[in-house]
Amino acid sequence: MSDMSTIERTITVHWRHQVHFTEEVFDPANALLGEVLTDGHPAPFGRVVKVLVVLDEALALRRPELARMIEAYFAAHEGTLKLVVSPVLMVGGEAVKNAYFRVSEIHALIDRHHIDRHSFVIGVGGGALLDMVGLAAATAHRGVRHVRIPTTTLAQDDSGVGVKNGINAFGKKNFVGTFAPPFAVLNDFNLLATLEPRDKRSGFVEAVKVACIRDAGFFIWMEQQADALARFEAGPMKRLIRRCAELHMNHIATGGDPFEMGSARPLDFGHWAAHKLEQLSEYRLRHGEAVAVGIALDVIYARLQGFLSEAGAERVLSLLERLGFELYAQELQHEDETGQLRVVTGLEEFREHLGGALTITLLREIGQGFEVHDMDLTVVTRAITDLRRRHLQRDGILIRAQI
């Protein structure tokens, strides 16, 4: 009977992951969006392709013409595309990920307008909105086709080109979510024009992160272009976004674990502390700002442990500062009732989110990451102290310079 007790097969699933770079994506003369939605073929069953668009409310307020442009695009392609309702405005930023009811609202719209698995849900906004919209699309009908149109630097070069969707729950980042690659990502650089400086800057840190662990040449280029990037010059920003997106996609496609079934997540270098800092700050810190602090913390930790040279650590810290990031946050020194630093509980939350053993990516040198499976809390505390000292010294220099 033992020969009859088990049937086992290996199932292989292939995904096409496409990221397009364009400008004026909603100009009726720009055929890219229509070509992506029809995928070069007539719609199934001889009908037009139905589309539901969810638009970041803050972006719509900054650019009141955008919703009209979206409607005009679909009106110009009414023979092949159908916008089932005017763009649906939803709050963006981390607030949209802190409650499930937004997902339910999109589910209701998908049901009301008969969006099926041959239709599309398009998210237009920053990474948090795209995470939430992606979760709704991935869970309606067990998966509706989803297109992302990221409108922040961070979403265009990192979160928007990934394969994750999720919302926060139980005080933890992305506790509820799915792995579901988008049908396509359309990066329109012009959609970044109205961002505040801190939001334009946020995506730079993910480029520093991936260069640190994957591409020393890219890191050197950012050092050379740091002043131009800090001024938000278009040419260097476009190159940074494209190369950062490419490195992230390369890892997803060739790293051997696109849906993170194992315990290693090298692309989360600097993130164990960042996720906890976001929560402790009640999301006063943007994700990119928290990641900058998290990278700085792990870089100093690696230096103190003798993994990374002092010169290498200083290059990373200096580049982050030249790009405009603060490397210290007061939340690093928040304590619980026992006197333990609250940020270190992020290590256990990170391990639990990964499953299995704790796996943290650190640096041996710029361009070469490696993994450790424990963190010495005494050394973490020393690293926090070093970061605070650097912050105070830097502030002192700036104050004296102003005087």
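Within the stretch 330-337, can one find any residue that is part of a loop (DSSP other than H, G, I, E, B), in contact with a helix residue (DSSP H, G or I) (Cβ under 9 Å, 6 or more places away or on another chain) and buried (at least 20 other Cβ atoms within 10 Å of the Cβ)? Within the stretch 330-337, none of the residues are part of a loop (DSSP other than H, G, I, E, B), in contact with a helix residue (DSSP H, G or I) (Cβ under 9 Å, 6 or more places away or on another chain) and buried (at least 20 other Cβ atoms within 10 Å of the Cβ). Do we find that residue 301 is in contact with a strand residue (DSSP E or B) (Cβ under 9 Å, 6 or more places away or on another chain), aromatic (Phe, Trp, Tyr), at pLDDT 95 or above and in the same structural domain as residue 272 (by TED's automatic domain parsing) in this structure? Against the criterion (in contact with a strand residue (DSSP E or B) (Cβ under 9 Å, 6 or more places away or on another chain), aromatic (Phe, Trp, Tyr), at pLDDT 95 or above and in the same structural domain as residue 272 (by TED's automatic domain parsing)), residue 301 qualifies.
Of the residues screened, residue 346 is not one that is in contact with a Lys or Arg (Cβ under 9 Å, 6 or more places away or on another chain), modelled with pLDDT of 95 or more and in the same structural domain as residue 215 (by TED's automatic domain parsing).
Cβ-Cβ distances below 9 Å connect the following pairs, each with a first residue in the stretch 223-242 that is at positive phi, a second residue that is in a helix (DSSP H, G or I), and a separation of six or more residues or different chains: 232/192; 232/197; 232/200; 232/201. Residues in the stretch 104-114 that are of a type in the set (A, V, I, L, M, F, W, C) and farther than 28 Å from residue 278 by Cα were compared, and the one that is surrounded by the most Cβ atoms within 10 Å (Cβ to Cβ) is 110. Take the residues in the stretch 165-182 that are surrounded by 21 or more Cβ atoms within 10 Å (Cβ to Cβ) and closer than 27 Å to residue 343 by Cα; name whichever of them is modelled with the lowest pLDDT. So, considering only residues that are surrounded by 21 or more Cβ atoms within 10 Å (Cβ to Cβ) and closer than 27 Å to residue 343 by Cα, the one modelled with the lowest pLDDT is 173. Among the residues of the stretch 183-211, the ones that are buried (at least 19 other Cβ atoms within 10 Å of the Cβ) and free of Cβ contacts under 8 Å to residues at least 60 places away in the same chain come to 5 in all. Checking each residue in the stretch 354-369 for being on the phi < 0 side of the Ramachandran plot and either outside the structural domain of residue 218 (by TED's automatic domain parsing) or surrounded by fewer than 18 Cβ atoms within 10 Å (Cβ to Cβ) (or both) picks out 357, 358, 364, 365, 368. In the stretch 7-26, the residues that are on the phi < 0 side of the Ramachandran plot reach residues that are hydroxyl-bearing (Ser, Thr, Tyr) with C-beta atoms within less than 9 angstrom, at least six apart or across chains, in these pairs: 25/73; 26/73.
Take the conditions (1) modelled with pLDDT of 95 or more; (2) more than 19 Å from residue 192 (Cα to Cα); (3) in contact with a strand residue (DSSP E or B) (Cβ under 9 Å, 6 or more places away or on another chain); (4) surrounded by fewer than 24 Cβ atoms within 10 Å (Cβ to Cβ); residue 117 misses just one of them, which is (1). Once the stretch 138-149 is narrowed to residues that are within 16 Å of the chain's Cα centre (by Cα) and touching a residue at least 40 places away in the same chain (Cβ under 8 Å), the residue that is surrounded by the fewest Cβ atoms within 10 Å (Cβ to Cβ) is 147. Residue count for the stretch 297-329, restricted to those that are small (Gly, Ala, Ser), within 18 Å of residue 219 (Cα to Cα) and not in a helix (DSSP H, G or I): 2.
Condition check: of a type in the set (D, E, K, R) and surrounded by fewer than 17 Cβ atoms within 10 Å (Cβ to Cβ). Does residue 214 satisfy that? Considered against the rule, which asks whether it is of a type in the set (D, E, K, R) and surrounded by fewer than 17 Cβ atoms within 10 Å (Cβ to Cβ), residue 214 comes out as no.
Within the stretch 338-353, restricting attention to residues that are at negative phi and part of a loop (DSSP other than H, G, I, E, B), the residue that is farthest from the chain's Cα centre (by Cα) is 338.
Any chance the stretch 99-114 includes a residue that's assigned to a loop (DSSP other than H, G, I, E, B) and at pLDDT below 95? Yes, the stretch 99-114 has at least one match.
Taking the criterion of being surrounded by fewer than 20 Cβ atoms within 10 Å (Cβ to Cβ) and part of a helix (DSSP H, G or I), would at least one residue in the stretch 77-92 satisfy it? Among the residues of the stretch 77-92, not one is surrounded by fewer than 20 Cβ atoms within 10 Å (Cβ to Cβ) and part of a helix (DSSP H, G or I), which makes the answer no.
The residue that is surrounded by the fewest Cβ atoms within 10 Å (Cβ to Cβ), counting only those in the stretch 275-309 that are charged (D, E, K, R) and farther than 17 Å from residue 213 by Cα, is 282.
The values are calculated or read from the model by the stated rules, or taken from the named source; none is laboratory data. The model shown is predicted, which means the values in this text are computed figures rather than measured ones. Note that each Cβ is placed from the backbone with ideal geometry, even for glycine, and that neighbours are counted across all protein chains shown.
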